[in-house]
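Data first, discussion second: the structure below is written as structure tokens.
The values are calculated or read from the model by the stated rules, or taken from the named source; none is laboratory data. Small disclaimer: the values here were computed from a predicted structure and weren't measured. Because the Cβ atoms are built from the backbone with ideal geometry, glycine has one as well, and the counts that use them run over all protein chains shown. Quick note on the areas: whole protein, heavy atoms, side chains included, nothing else; ligands and nucleic acids left out. Shrake-Rupley method; radii C 1.70, N 1.55, O 1.52, S 1.80 Å.
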Amino acid sequence: MKRSINKHVRKAILTNDPSITAWGWAVVSMSGEVLEGGCIKTSSESKVRRIRKGDDRVRRISEINCKLLELIRTYKIVLILSELPHGSQSAVSAVMIGIVTGIIQTLGDSANIPVEWYSEADAKKSVLNKRSATKIEMIDAIKRLYPHTFTGVQYKDEAVADALAVYHVAAQTSPLVKMLKANEINI
């Protein structure tokens, strides 16, 4: 759900649930208001385009980068938060984990924006006070904490809820987030 951009927004936080298939993100103001949230959906088109899988991955990375750069510029992002991808069932999954972590860290490094990483378990613990929870439990809890940010499309809502869960744990535990919220200082 996109809200009109307030011209007085001086800085914001970009929080992410990274995935090459359905990248969840949300932009949160220093006061904790969700300014915008969404999901960058990409799919493999190597067979349709008759190109190598590697070239198709590069196309997908470019789509993700373009959207994230647009958000960084539009909202004057001063901090990037992300779930740290974990575990892999296959070599392809391991490659994807490397790609998405590389995207976030490179964007942060290139734009001189700090990046903080959080585990999925820490986000669940922060939101629900337990380390294991179903997707539905997390979405319902995030909807109560951050209303008016959901579309009704399951994969989008899951991705945005996971991104907001990362913000939630950071808001409770990160000294940098606490300092930004308290002082609204320039980094």
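May I ask for the angle, rounded to the nearest 10°, between helix 154-173 and the longest principal axis of the chain, with both axes built from Cα atoms and the value confined to 0 to 90°? Compared with the principal axis, the helix lies near 50 degrees. With kT/(6 pi eta Rh) evaluated at 20 °C and eta = 1.002 mPa s, and Rh the Kirkwood radius from Cα pairs, segment 100-187 diffuses with a coefficient of 151 µm²/s according to Stokes-Einstein. Nearest 0.05, what FRET efficiency do A121 and A94 give at R0 = 22 Å with Cβ-Cβ as r? The value I calculate is 0.65. Among L68, S82, A141, pick out the residue whose Cα is farthest towards the positive end of the charge dipole of the chain, where Lys and Arg carry +1 and Asp and Glu carry -1 on C-beta, about the Cα centre. Of the listed residues, the answer is L68. Taking the protein heavy atoms of the chain in the context of the full set of protein chains, the accessible area attributed to carbon and sulfur is 53 percent at 1.4 Å. 3J(HN,Hα) couplings calculated from phi for segment 82-93 with the Karplus curve 6.51 cos²θ - 1.76 cosθ + 1.60 (θ = phi - 60°) are, in sequence order, 8, 6, 8, x, 9, x, 8, 9, 7, 5, 4, 4 Hz; Gly and Pro show x. Each residue of segment 39-129 gets 125 Å³ once the volume of the Cα convex hull is shared out per residue. Ignoring the sites themselves, the chain has its longest run without trypsin sites (Lys or Arg not before Pro) in a DSSP loop having at most 15 other Cβ atoms within 10 Å at 132-187.
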